[in-house]
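Structure, as structure tokens:
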Amino acid sequence: MIGEYGQPTYQKIFISLDAEKPVIPDADTKISMAGDTATLMPDPSLDIKMYGMHQFKMKKGGLRIKLGVFSPEAISS
């Protein structure tokens, strides 16, 4: 859920291992995945041009995950 648009915007991220990534993954990232978003409420047809990208890092004693959501500075029509 993302706010600050007058009301909450519920969204879904469609992740794919083959999607274009909005930034270069960190050097210590083993797997990264990115995807587009779609709003679920209040208007499913609203294209908010947001992207998600997650980076998975194998570290001593476990796994670290860097989660990211990218928003454009401005949306041109």
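If you stretched the chain out fully between residue 73 and residue 14, how much longer would it get, using 0.36 nm times the residue separation minus the C-alpha to C-alpha distance? Walk me through the numbers on the way to the answer.
Working: separation 59, 0.36 × 59 = 21.24 nm, distance 2.12 nm.
Full-extension gain reported as 19.1 nm.
Cβ crowding within 10 Å ranks 14, 56 as 14, 56, fewest other Cβ atoms first.
About its Cα centre, the dipole of segment 10-70 is roughly 500 debye, where the only charges are +1 on Lys and Arg Cβ and -1 on Asp and Glu Cβ. Taking amide hydrogens as placed 1.01 Å from N in the peptide plane, the amide H of residue 50 sits under 5 Å from those of 37, each at least 5 positions away in sequence or on another chain. Pairs of Lys residues in segment 10-70, spaced 8 or more positions apart or belonging to different chains, with C-alpha separations under 15 angstrom: 9 in total. Pairwise Cα distances in segment 10-70 exceed 14 Å for 56 percent of all pairs.
Were the residues from residue 64 through residue 40 laid out at 0.36 nm apart, the gain over their Cα-Cα distance would be 5.8 nm.
Of the residues 33, 53, the one with the fewest other Cβ atoms within 10 Å heads the list, and the complete ranking is 33, 53.
Computed from the coordinates by the stated procedures, all read-outs in this text should not be read as laboratory data. Here the structure is a predicted model, which means the values were calculated and not measured. Heads up, the Cβs are rebuilt from the backbone with ideal geometry, glycines too, and the neighbour counts pull from every protein chain shown.
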